[in-house]
Structures are given as structure tokens and as C-alpha cells.
Amino acid sequence: HMSDVSPIWHPSPNYGPRREGLRPHLIVLHYTAMQSADAALTRLCDPAYEVSAHYLIGGDGRLWQLVEEDQRAWHAGAGEWAGQQDINSRSIGIELDNRGDHPFSEPQMHRLETLLPHIMTRWNIAPEGVIGHSDLAPGRKWDPGPRFDWQRLATLGYARPASRSHAATAATPQGFRDAAMACGFTAKADDATLLKAVRLRYRPWGQGPLCDADLTPLMD
């Protein structure tokens, strides 16, 4: 029911038109890294900071909308995904009230999982289009971070699932990079940074040097 997802309208002045007539085909998930949803709400609506998002979801599951979906919010900054820049013109940004060092609450995840299918349907966004801030800005951003349950979203069809296929070849830095780029990780990054960014998304428990298990989730 749409009533289950009706947001609290809390307009931010920090937005503008999407450039070149672009329509959103990505949804970018963030954590706020602030002490409370109210602090984040204040920041996202403060003209001095020049940041905003379309939605903010509190730890208690409250949902605010700050910018209309057809407008360009200022959440992604410098970065690239699937060879494309100006991610703000191509995406809808969702901020999750979370400091990054603790689990995402059940009410918050439930509200996210109620909101995502509505946005995906409205703009015809594929599961592959739901990404993290760290996916498009590896090394610069690490949110939504290692505590975010991407597998849970993927199981529901709201994010790209990790492939279960077994790579025929052993993982090499170049083979890993090629596979990561084919999945969208095209932003400039050295080998270590790229590995960390891909692990954040698919194997947040991964440690040590590149291994075959890092390559497997990326295979089609």
C-alpha cells in the first residue's frame, strides 16, 4: 500500500533541475554518519552545506522526503558508475540514519524495502541500478558501509545479487578489474581501493589479498 510509505514532506533548498533532461536510472544508498536523524535532516536542508537527498529514513523507520524525485538532489558528488558521471542527474538518493559502525535497524530496513519498489517501478529502475555511495566513489566514500545487508536487498530483487557461479579462471588483478568494471565499478581506483569497494558491496567480511572468492560474485 502506498499509504505505508507516505513520507513526511520536509523540503530542502538544496536541489536543481536534472541536467540534459536526464531521468533517474540509479538509486544511491548512503549512511548519514551523524548522531541522529534530526541532525541529518538539519544538515540536508542547510544551504551552507550544499548537500541533500531525495529521502531520509530514520532508525525508527520514519521517512522524510526532501526533494521531488524529478529534481536533482546533491548527494553523490564526484564519482562514476558504469562509465557515466554526474550521478546526481542520473539517480535518486536515499540517506539512512546510521553512523556506519552499527547495524541498520529492522524498522529502517523494512521502510527502505517498502520504498524501493515504488521508486523502481515509477522510473523503471533495474535491481542493478541500486548501488552504494562507495560503489561510485571508491576510496572517497565508504557508505552505506560493511554493516549494510546488500544480500537481503538482492534476495528481494532490489539489488544485483552476487553471482554464485564459479570463475573458470583464478583471480588476477586485471581479471578482477575487468569483471568489476563490467559490473559498473568504472571509477578510477587503484587495485587495493577497488578490492575494498567491491568487498564492501559483496564480501564485507573479506580480508587479505585478492582471492578467487572476490571474483566469483562479479561473474555473470
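The values are calculated or read from the model by the stated rules, or taken from the named source; none is laboratory data. For clarity, every value in this text was computed on a predicted model and none was experimentally measured. When we count neighbours, we look across all protein chains shown, and the Cβ atoms used for this are built from the backbone with ideal geometry, even at glycine. For the accessible areas, the whole protein counts, side chains as well, though only heavy atoms, and no ligand, DNA or RNA atoms are used. Shrake-Rupley method; radii C 1.70, N 1.55, O 1.52, S 1.80 Å.
Using the average count of surrounding beta-carbon atoms within 10 Å as a protection proxy, the listed peptides 38-51, 57-70 rank, highest first, as 57-70, 38-51.
Rg/Rh, computed from the Cα trace of the range 146-220 with Rh as the Kirkwood radius, has the value 0.93. Using θ = phi - 60° in the Karplus curve 6.51 cos²θ - 1.76 cosθ + 1.60, the 3J(HN,Hα) couplings for the range 127-144 round to x, 5, x, 8, 10, x, 4, 5, 5, 9, 10, x, x, 9, 10, 10, 8, x Hz; x is entered for Gly and Pro.
A full extension of the chain between Gln84 and Asp46 corresponds to an added length of 10.9 nm, given 0.36 nm per residue minus the alpha carbon distance.
Here is the P(r) of the chain: all C-alpha pair distances, binned every 5 Å from 0, give 1, 7, 15, 20, 20, 16, 10, 6, 3, 1, 0 in whole percents. In the chain, the longest principal axis of the Cα atoms and the axis of helix 191-202 are about 60 degrees apart. Sites listed here are chymotrypsin sites (Phe, Trp or Tyr not before Pro) in the range 106-148 whose DSSP assignment is loop and whose Cβ has at most 12 other Cβ atoms within 10 Å, and the list is empty. 222 nm [θ] for the chain, helices only, -39500 (n - 2.57) per DSSP H run of 4+, per residue, to 500? After summing the helix terms and dividing by the residues of the chain, the value is -8500 deg cm²/dmol. Subtracting the Cα-Cα distance of Ala126 and Arg140 from their residue separation scaled by 0.36 nm leaves 2.5 nm. Each peptide in 193-206, 171-184 was scored by the mean count of other Cβ atoms within 10 Å over its residues; highest first, the order is 193-206, 171-184. Distance between the pseudo-spin-label points of Ser36 and Gln174 (7 Å out from Cα toward the beta carbon): 5.5 nm. Here the calculated FRET efficiency for Asp70 and Ala192, from their Cβ-Cβ distance with R0 = 35 Å, stands at 0.35, rounded to the nearest 0.05.
Normalised per residue, the accessible area of the range 144-205 is 53 Å², obtained with a 1.4 Å probe and no contribution from ligands, DNA or RNA.
Rounded, prolate or oblate: pick one for the range 18-144, where a ≥ b ≥ c are the square roots of the eigenvalues of its C-alpha gyration tensor, a/c under 1.5 means rounded, and failing that, prolate if a/b is larger than b/c, else oblate. Rounded, since a/c falls under 1.5.
Rolling a 1.4 Å probe over the heavy atoms of the protein chains gives the range 1-71 an accessible area of 51 Å² per residue. Each residue of the range 108-120 was assigned a 3J(HN,Hα) from its phi angle through the Karplus expression (A = 6.51, B = -1.76, C = 1.60, θ = phi - 60°), giving 5, 5, 4, 5, 4, 6, 7, 6, 3, x, 5, 5, 4 Hz with x at Gly and Pro.
The calculated FRET efficiency for the pair Met219 and Asp101, based on their C-beta separation and a Förster distance of 41 Å, comes to about 0.85. Each of Ser6 and Ser163 was given a label point 7 Å from its Cα along the Cα-to-Cβ line. The distance between the two points is 4.5 nm.
Under 5 Å from the amide H of Ile27 lie the amide H atoms of Ile92, Val130, Ile131, each residue being 5 or more positions distant or on a separate chain, with H modelled from the backbone and absent for Pro and chain starts.
Computed over protein heavy atoms with a 1.4 Å probe, the carbon and sulfur contribution to the accessible area of the chain reaches 53%.
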